[in-house]
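The values are calculated or read from the model by the stated rules, or taken from the named source; none is laboratory data. Note that this is a predicted model, so its numbers are computed, not measured. No Cβ is skipped: glycine too gets one built from the backbone with ideal geometry, and neighbour counts run over all protein chains shown.
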């Protein structure tokens, strides 16, 4: 069922997820001596597949990753199970990873070159963060609702 607040919550959740979702691969890159912006350059290659300039790829990454994250936030706010949105979000993040990496990403060389484990962790973290924002929103909505008894 659609509720007017879903759009706002979905956009906030997608934004938080976009920020949190990059932490695992960035930490892994730093720990292993890889370029911590490698995944960002790969996201930029979605829109500019032949671009090599780092600055252009980062701008493209902000647009591509932001748009994708907001889209999935809007979807997940409507489909995640309400009893367990964080767990549901984590699972959804892995399902999104299968689509993102297995379908779209395999067509982009920079994405294919990324280590799979950190990318899966990013997607799981994204979904968990989205689920946490949804859970918090649900708690706030419930707390503000008048009680009927």
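Quick notes on this one:
Quick grid of which residues meet (1) under 17 Å from the mean Cα position of the chain (by Cα); (2) under 17 Å from residue 113 (Cα atoms); (3) surrounded by fewer than 14 Cβ atoms within 10 Å (Cβ to Cβ):
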{"site": "15", "(1), (2), (3)": "yes, no, no"}
{"site": "35", "(1), (2), (3)": "no, yes, yes"}
{"site": "42", "(1), (2), (3)": "yes, yes, no"}
{"site": "50", "(1), (2), (3)": "no, yes, yes"}
{"site": "55", "(1), (2), (3)": "no, no, yes"}
{"site": "63", "(1), (2), (3)": "yes, no, no"}
{"site": "66", "(1), (2), (3)": "yes, no, no"}
{"site": "75", "(1), (2), (3)": "yes, no, no"}
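- Residue count for the range 17-33 under the criterion of being buried (at least 17 other Cβ atoms within 10 Å of the Cβ) and part of a helix (DSSP H, G or I): the result is 8.
- So residue 76, is it more than 18 Å from residue 40 (Cα to Cα), out of contact with any strand residue (DSSP E or B) (no Cβ under 7 Å at 6 or more places or on another chain) and part of a helix (DSSP H, G or I): yes
- Test result for residue 58, in a helix (DSSP H, G or I) and touching a residue at least 24 places away in the same chain (Cβ under 8 Å): no
- Residues of the range 80-103 satisfying the condition of being over 16 Å from residue 21 (Cβ atoms), at pLDDT below 95 and assigned to a helix (DSSP H, G or I): 102, 103
Conditions (1) under 13 Å from the mean Cα position of the chain (by Cα); (2) free of Cβ contacts under 8 Å to residues at least 24 places away in the same chain, marked per residue:
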{"position": "110", "(1), (2)": "no, no"}
{"position": "119", "(1), (2)": "yes, no"}
{"position": "125", "(1), (2)": "yes, no"}
{"position": "129", "(1), (2)": "yes, no"}
{"position": "139", "(1), (2)": "no, yes"}
{"position": "144", "(1), (2)": "no, yes"}
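- Some residue of the range 105-116 being more than 20 Å from residue 47 (Cα to Cα), part of a helix (DSSP H, G or I) and either out of contact with any strand residue (DSSP E or B) (no Cβ under 9 Å at 6 or more places or on another chain) or modelled with pLDDT under 95 (or both): yes
- Listed conditions (1) closer than 17 Å to residue 12 by Cα; (2) out of contact with any helix residue (DSSP H, G or I) (no Cβ under 9 Å at 6 or more places or on another chain) are all met by residue 83, apart from (1).
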